[in-house]
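Remarks on the structure that follows.
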Amino acid sequence: MSTLLIHNIKSLVQVREQAPKMLKGEEMSILPCLDNAWLFIKDGNIESWGQEISDMPQADERINAEGGMVFPGWCDSHTHIVYAGSRESEFVDKIKGLSYEEIARRGGGILNSAKKLQQTSEDELYEQALKRCHEIISYGTTAVEIKSGYGLTLHDELKMLRVVKRLKENTPLEIKATFLGAHAIPQEYKENRKGYVDLIVKEMLPAVAKENLADFADVFCDRGFFTVEETDIILSAASKLGLRAKIHANELDYSGGIQVGVKHDALSVDHLEFTGEDEMRALLGSNTMPTLLPSTAFFLRLHYPPAREIINAGLPVALATDYNPGSSPSGRMSFVLSLACIHLRMTPEEAINAATINSAYAMNLSESHGSITKGKAGSVFITKPIPSIAFLPYSFGAQLVKTTIINGKVVF
Ligand code: NIG
Ligand code: FE
């Protein structure tokens, strides 16, 4: 038995006797906190908490939070952190006036990353991704979803997913893997889109399922990428293999991506810059988590998704970083929260709920992550001393995480 006590906590954030699976509409503005608290973790799981110093249990290890706050670790439900190299030259092209779609049409963008990844060995790819895993742990992330999608051949998609599997085995992070063969149409299939969709359905998906390399399946359903019809075919095939959908939708247009995601009972639909009445109607009554990625809208200068309208319609919202080399080269969840507050007009409480309980739901981790609840993973971060919850998104870009603990072990 191993036990850990964190004491002298200014505020224990997101503490719930019973954790809801998701928070919708007005529920998102309630964030339960316990002031002057301690937290007791036993054998890697949350065991108890309290306020009175005299009630504090004995523990093998004690950490003095020194007046910092304790949060459940961030759940980053949408990333692409297995990639090769970087794409800052496209960043400069964008400064000079090219759009994301223009760069993609010239064979840059995702195809540029695919070329780099195809030329990189599995071991090298693993080393690069491992660094990003340690980086996000230092930002307070304790659970992350990682997509393939820069392979675009059977061999390279499997290579990517094997790297994700190694990360699952060798890092303390809780990791979910998503197969995203339908990220872009490779150059050699430009005149034969059906050929590529067939390759995904007939070869890639069965191989991924056979090796048990993915938890979910994704499609970039948007203007210039995959159509609703193609998405439909791919998600049907994925579902037959037991892979639930989590898709890229409505980033570049009213693409129909949200509706086709809901039709397939997707766990989440992500991006949603183009969300109107029809899209919100489709989401209402579904089990699909609308997931917003404001650092992508920031980096690509897109207009921001209408978070307020979505929440005011009574829907839930989750937040994630989309950490990738082309549209969001940052995995800092606290910056995503700042953008959510500043540009999406979410309150700090709504943003924190979106980045914990709701993003845990968006990767099927509601049972174990997203809140301080008995029996959930002892995966939390301790902040430097901060005056209030709102100080976290307010201090945009700052590193306020002092310690990260995963399953009861200090990992940063
Ligand atoms: O989520 N939108 C599609 N895919 C990524 C971008 C990938 C890239 O540009 O490399 C995204 O933004
Ligand atoms: Fe993405």
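Each reported figure results from applying straightforward, stated rules to the coordinates on display, with no laboratory input. Just so you know, these numbers come straight off a predicted model, no measurement behind them. Note that each Cβ is placed from the backbone with ideal geometry, even for glycine, and that neighbours are counted across all protein chains shown.
Some points to look at:
- In sequence order, calculated HN-Hα J values of region 106-116 (Karplus, 6.51, -1.76, 1.60; Hz; x Gly/Pro): 7, x, x, x, 4, 5, 5, 5, 5, 4, 4
- 222 nm mean residue ellipticity, helices alone, for the chain (DSSP H n ≥ 4; -39,500 (n - 2.57); rounded to 500): -9000 deg cm²/dmol
- Packing-based ranking, highest mean first, of 265-273, 8-16 given that Cβ atoms within 10 Å are counted: 265-273, 8-16
- Dipole of the chain [Lys/Arg +1, Asp/Glu -1 at C-beta], most positive-end residue of GLY257, GLY276, ASN64: ASN64
- Rounded, prolate or oblate (a/c below 1.5 giving rounded, otherwise prolate when a/b exceeds b/c) for region 75-361 by Cα gyration tensor: rounded
- Subset of LYS94/LYS147; LYS159/LYS210; LYS147/LYS210; LYS240/LYS263; LYS176/LYS376; LYS21/LYS168 violating a 20 Å alpha-carbon distance limit: LYS94/LYS147; LYS21/LYS168
- Taking every C-alpha pair closer than 8 Å and separated by at least 6 residues, the mean separation divided by the residue count of region 75-361 gives a relative contact order of 17 percent.
- Under 11 Å, Cβ to Cβ, from THR120 - net charge with Lys/Arg +1 and Asp/Glu -1: -2
- By definition, a body whose alpha carbon gyration tensor gives a ≥ b ≥ c is oblate when a/c is 1.5 or more and a/b is not larger than b/c, and region 190-264 fits this oblate description.
- When peptides 142-152, 330-340 are ranked by their average number of other Cβ atoms within 10 Å per residue, the highest-first order is 142-152, 330-340.
- Sequence-separation-based contact order of region 296-351, relative, with Cα cut under 8 Å and 6+ spacing, percent: 33 percent
- Farthest toward positive dipole pole in region 75-361 [+1 Lys/Arg, -1 Asp/Glu at C-beta], among THR120, LEU243, SER327: THR120
- Each Lys and Arg contributes +1 and each Asp and Glu -1, all at the Cβ; summed about the Cα centre of the chain, the dipole is approximately 440 debye.
- When each of the peptides 308-319, 251-262, 73-84 is scored by the mean number of other C-beta atoms lying within 10 Å of its residues, the order from highest to lowest reads 73-84, 251-262, 308-319.
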